[in-house]
1. Tally the residues that are modelled with pLDDT under 55, open to solvent by 40 Å² or more (accessible area, probe 1.4 Å) and either of a type in the set (A, V, I, L, M) or on the phi > 0 side of the Ramachandran plot (or both), restricting the search to the stretch 38-62.
2. Among the numbered criteria (1) part of a helix (DSSP H, G or I); (2) open to solvent by 30 Å² or more (accessible area, probe 1.4 Å), which one does ALA113 miss?
3. Return the only residue of LEU70, LEU104, LEU153, LEU125 being open to solvent by less than 10 Å² (accessible area, probe 1.4 Å), in contact with a Lys or Arg (Cβ under 7 Å, 6 or more places away or on another chain) and not in a loop (DSSP other than H, G, I, E, B).
4. Does PHE110 count as among the hydrophobic types (A, V, I, L, M, F, W, C) and under 18 Å from the mean Cα position of the chain (by Cα)?
5. Does ILE88 meet the test of being open to solvent by less than 50 Å² (accessible area, probe 1.4 Å), under 21 Å from VAL52 (Cβ atoms) and outside any strand (DSSP E or B)?
6. Between GLY130, GLY79, which is without any contact (Cβ under 8 Å) to a residue 40 or more places away in the chain and over 15 Å from the mean Cα position of the chain (by Cα)?
Amino acid sequence: MRRSKVRTNSVKICCSVSCSLLLVSFLLSSADGTEDLNAKVTLFHRLYTAAVVTKDTWEKSVLNSDSPVLVEFYASWCGPCRMVHRIIDEIAGEYAGRLSCFILNTDDDFPIAEDYEIKAVPVVLLFKNGEKRESVVGTMPKDFYIAAIERVLKS
């Protein structure tokens, strides 16, 4: 996938083309009332990328969520996980408001990974009403993740 880079006021943002277009649109809009570019970039990343979830926030963020939830289980040393993470960030932006996206480092929060029998990474689990509904194991094309998400949203 082609990557593009935007450089503004020493803030360097590097993401996929679709994410870049969304970011440019977001930065140019003044609907949110934020004039400071750095604040807008921070807000963008909070709204349109997967957030970190830990054992301390798991129950509130995943099990008690009002919306369906996607969780990518990864490890910092895992190359394929980085590829999946870029896809999950794109999905987070595309499904903002309909799906909450999180990432969980299995090295830091092994008990959660163990609870869901995660034996290797990357693994993406989809939850609805606190229950695991779908899983995608390994590095797959974006369409695999989208299909699983759509099945969960329609259920």
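1. Count: 2.
2. Of everything listed in (1) part of a helix (DSSP H, G or I); (2) open to solvent by 30 Å² or more (accessible area, probe 1.4 Å), ALA113 misses just condition (2).
3. LEU125
4. No: the conditions fail for PHE110.
5. Yes: the conditions hold for ILE88.
6. GLY79
The values are calculated or read from the model by the stated rules, or taken from the named source; none is laboratory data. Quick caveat: nothing in here was measured; it's all calculated off a predicted structure. Glycine also receives a Cβ, built like all others from the backbone with ideal geometry; neighbour counts cover every protein chain displayed. SASA here: full protein model, heavy atoms, side chains in, ligands and nucleic acids out. Shrake-Rupley method; radii C 1.70, N 1.55, O 1.52, S 1.80 Å.
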